[in-house]
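The values are calculated or read from the model by the stated rules, or taken from the named source; none is laboratory data. Model, not experiment: these values are computed from the prediction. Here the Cβ positions follow ideal geometry from the backbone for every residue, glycine too, while neighbour counts run over all protein chains shown. To get the accessible areas, we keep the full protein, side chains included, count just its heavy atoms, and leave off ligands, DNA and RNA. Shrake-Rupley method; radii C 1.70, N 1.55, O 1.52, S 1.80 Å.
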Amino acid sequence: MADGVQVLRRNRPGSKAKDFCRWPDEPFEEMDSTLAVQQFIQQTIRRDPANLEAILKMPEAQDEGVWKYEHLRQFCMELNGLAVRLQSECKPETCTQMTATEQWIFLCAAHKTPKECPAIDYTRHTLDGAACLLNSNKYFPSRVSIKESSVAKLGSVCRRVYRIFSHAYFHHRSIFDAFEKETHLCKRFTYFVTKYSIISKEILILPKLDDETPITQPVGESEA
Amino acid sequence: MKIPTAMDDSSVSHHNGGQVGSQIGVSVNNKQNDEPSQSVQYSIPGILHFIQHEWARFELERSQWEVDRAEFEARIAFLEGERKGQENLKNDLVRRIKMLEYALKQERAKFHKLKYGVELQQGDVRPPPKEPPAEPEPAERAQWKQGRQLIKQYLQEIGYTDTILDVRSNRVRNLLGLNNEEQVEDPYRNYDKNELYGLLQREIRTGGKEQRKGGVPPGGVYNEEGLSVQETAAVFANFEFLANQEMDMDEIDDLDAKQPHHASGKQGEEVDHEAEEVLNELNMLTESEADGGGQGDEYPVVKLSGSTASQASAVAAGAAAGGAGEADEEPLALGELAQLTVSNEPEAYDVASANKESFRKTWNAKYTLRSHFDGVRALAFHPTEAALVTASEDHTLKLWNLQRTVPAKKSAGLDVEPLYTFRAHTAPVLCLAMGAPRSEECFSGGLDGTIRVWNLPAPTADPYDPYDPAVQGPVLRDHTDAVWSLAASHGRLLSASADGTARVWAPRAPRPLLATLRDEQAATPPAPAAADFADAASRAAVVYRDGSLLLYDLETGQAVLRVSCDSAATRVRSHPTLPILVTAHEDRHIRFWDAVSGRCAHAMVAHLDAVTGLALDPNGLFLLSGSHDCSVRLWNLDTKTCVQEITAHRKKFDESILDVAFHPLRPYIASAGADGLAKVFV
């Protein structure tokens, strides 16, 4: 690295929170690490989390499977933030089932036989399961190249993860809004799955999110 | 017996031949008379009978030899086996001595420390108190000697039988290794085995006969001792002049007559040589020879050695091979050992360390902990179980049970799936501390400025159990910036934060904040990078971004020691037993500080890049360090040498390894990396 002597992109113990990861951007071409894609994605998000175009603009000559995989990792990681917020409000007593609109009850797939977990458990289990799958040595042994069959696994993760957004949207709207304002995560996710056609459109039950005209009432329509 | 008589008769027969007649009747009556009657008149049946008889005799002898040969072979094998066993035993003993010496060394260091409070800047305890005992009063010297005596005593207790065996093994080795190699093996090369054994056997037989005939030994009984003496004597004698003997099997008779004399005559000289050799070689063994001879009697299997030894003793000490040994036995054995240790003095420590090197365990990666989405900033082992907690920049902590593994595809390691994911931080988790044993709690500090107390779920929990809010304990929110370091000890928690303070907490108390430690002298307080309890949690060591190290007294909250160096510090750990502080620095150094005087006891370039992780093993013998150069290194604290290097993690940006840890009880070490993985080595 040419600038490696001057710029060490490190978080040194004792640095202030505002300085965390505050270093000059590194051009993607100069990243020689196996984690280059993750580095690049995180770097772009840090620059402006609202700039979906920039975040999801795949560098040239980048393997698309890895690109999608790394983005999904990033989504799941950031979704922890939403889960943390939900933990304080989404109680098993109030949200006994994972529902979005009233039409759908989602069964938690983390168990041997899928079962009706309360929403908060569903959320946690889904994220834990996704963490396991995405870190599985069997399906994703490398972060540089990914088998086609493993890329196919991303779809089901995306579908389940999307339900977390929808539950938060329909049942814990204030949390959702606060979180979305900060991270633009749902917007980015929707953009992502649409761009790469990972989830079919009719499953995307959330109304189009727009900062300028936030939708105030949930739209109750469903796909079936 | 038959041959001579037949011959005699035949000679007589000529005489009788002259006489006429007396034909068949006589021959029936008396063979002798029958044969001569035809003047060299051998009857076919007679000859046949004779030949048959001879044949049977030879057959008998042959089988006897065969049996004896097998016996000898077995004996040789046995002795060889025993020799090997003894050698192993000896090695083991030597190792034990080395270990004891090492322990003594440690004790000395401790004693020294207690005595002078400070010491152990000879922390390189290595070239140990050569000087110390010289300078200080003779009392210490006496104590030193006492210690040596004590160790001798231990050795005696532990190795009593071993020493005997050792002595014996020496003897056996000498006899087998030296004599046999020189004398036995040469003849083996020269003579065909069968012949050799045949001769051997004959010797024995004739020896036995001799005894019976001449009645030399009282009773003329074939007792073990007698046989074996004869036997070995014969062996050695035989080997000597076998070369001269070109006789074949037909000359047995002659042999019968001659051999015993030769044997007995030679025996004297031979044995003299023997004895001299043995005595020269095993100077100190003389006393025990008699004893050894006794043993030879007791264990017929070692006849060869035993009897030779007894010969030696017989020659050396004459017939007075009484019980001189017994009393001297132990001093002798110990004398040998003492010699060993004494001779160790000058260079022993190199030998010891070299030995240790070869016996040292090497750590191998066994478990890979993959489940974090981003760099793992910290990890801590469970105080007792084979479990650990990791803290990551992905805002979560995860609990892992190493005994619940998923067989990985590659045989190299095992994958572990997390048991539980702790979610509450709203920013990267930066540091982690494990609570006391049985408290089943851990603490984490994050970039969000909070310190969280967690109640650890049981190690048997299922990752997909329902959410239990009780896992979350109290939250400590006094810090106003990122919390970078945590240490727990004696129920208290020490934190270091980028807000410029280090704080002491009683985490579960209603008013948890006990003290705020701040460098009062600095106008703009530098940010602490790390902190650790020292001196049984009565003090707190805090290192700062500007490289300074402050030791606070927790009673007063005042800094009692202040040292500084040029390079930003990243970690500090206090030695579990000695007043030593170890700091890691960005300039690739690890530095050792005397916690009393503040002197820099040692500084070493430890890595190729900034040192980021430090851990001391619970006994304070080893130091583990991690660095952005992607390697984990294990150091011998005694010699300050690197004993193992492991390349463990990949880089993310310019970060690599972020933390290392020792399990407080079990043989596990672990490293955490910016690549989102944690690895456990066994």
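At a glance:
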item	result
Accessible area in the full protein assembly, largest first, 1.4 Å probe, for A:D63, B:D374	A:D63, B:D374
Nearest-10 value in Å² for the accessible area of A:C90, using the 1.4 Å probe	0
Area of B:L514 that stays accessible when all protein chains are in place (1.4 Å probe, Å², to 10)	90
Within 10 Å of each Cβ in B:369-376, the average number of Cβ atoms from other chains	5
Convex hull volume per residue in cubic angstrom - Cα atoms of the stretch A:1-138	179
Averaged over B:101-108, number of beta-carbon atoms from partner chains that fall within 10 Å	0
Solvent-accessible ranking of B:R108, B:R599, A:R9, B:R438, largest area first, probe 1.4 Å	B:R438, B:R599, B:R108, A:R9
Extension reserve of the B:S439-B:T641 stretch, reckoned as 0.36 nm per residue once the Cα distance is removed	69.1 nm
Probe 1.4 Å, all protein chains present, accessible-area order of B:M604, A:M58, largest first	A:M58, B:M604
Two-decimal Rg to Rh for the stretch A:26-106 - Kirkwood Rh, Cα set	1.13
Positive minus negative residues near B:E441 (Lys, Arg vs Asp, Glu; Cβ under 12 Å)	+2
Distance between the stretch B:561-630 and the stretch A:147-169 - C-alpha centres, whole angstrom	46
Interface area, A with B, accessible, probe 1.4 Å, both sides summed, Å² nearest 100	4300
Solvent-accessible area of A:K18 with every protein chain in place, 1.4 Å probe, in Å² to the nearest 10	130
